[in-house]
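Enquirer: Got a structure here, written out as structure tokens. Questions coming.
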Amino acid sequence: MSFADPLPVTISGQLLDTSRSGFRAAHQCPSLHTGMEVSFEHASASGNARVAWTRIAGNAVETGFVIYGQRDVEHPTQHLRRRRMEGRSARTGSET
């Protein structure tokens, strides 16, 4: 993830879960606050997101993000569904 506050900052973290509309990550940046806009890239998508919430407990920081601009997006379940459909089409000889 990266953001400007006011200088560009890049942080890395651990992706905890994803959905079509957002994701949750653990990281070491307690300065992320609600409403902050970030650029992100993870295995399923990349684009822009807004901080929805940040929880800080001791040294652990976790943030929920809402995606508002995205590119190269494929939710993990879309990939599995597409592969199943491709396999079914190959067996039946039909096209999707």
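The values are calculated or read from the model by the stated rules, or taken from the named source; none is laboratory data. As the structure is a computational prediction, the values presented were derived from the model and not from experiment. Virtual Cβ from ideal backbone geometry, glycine too; neighbours counted across all protein chains shown.
Enquirer: Which one is nearest to VAL9 (Cα to Cα) among residues in segment 19-71 that are of a type in the set (Val, Ile, Thr) and touching a Gly at 6+ places or on another chain (Cβ under 7 Å)?
Expert: VAL51
Enquirer: While we're looking at this one, here's another question. For segment 1-37: of the residues being assigned to a loop (DSSP other than H, G, I, E, B), within 14 Å of ALA60 (Cα to Cα) and among the polar types (S, T, N, Q), which is nearest to the chain's Cα centre (by Cα)?
Expert: SER12
Enquirer: Would you confirm whether or not segment 68-88 contains a residue that is outside any loop (DSSP other than H, G, I, E, B) and at pLDDT 85 or above?
Expert: yes
Enquirer: Of everything in segment 48-59 that's in contact (Cβ under 8 Å) with a residue 12 or more places away in the chain and within 19 Å of the chain's Cα centre (by Cα), which residue is surrounded by the most Cβ atoms within 10 Å (Cβ to Cβ)?
Expert: ALA49
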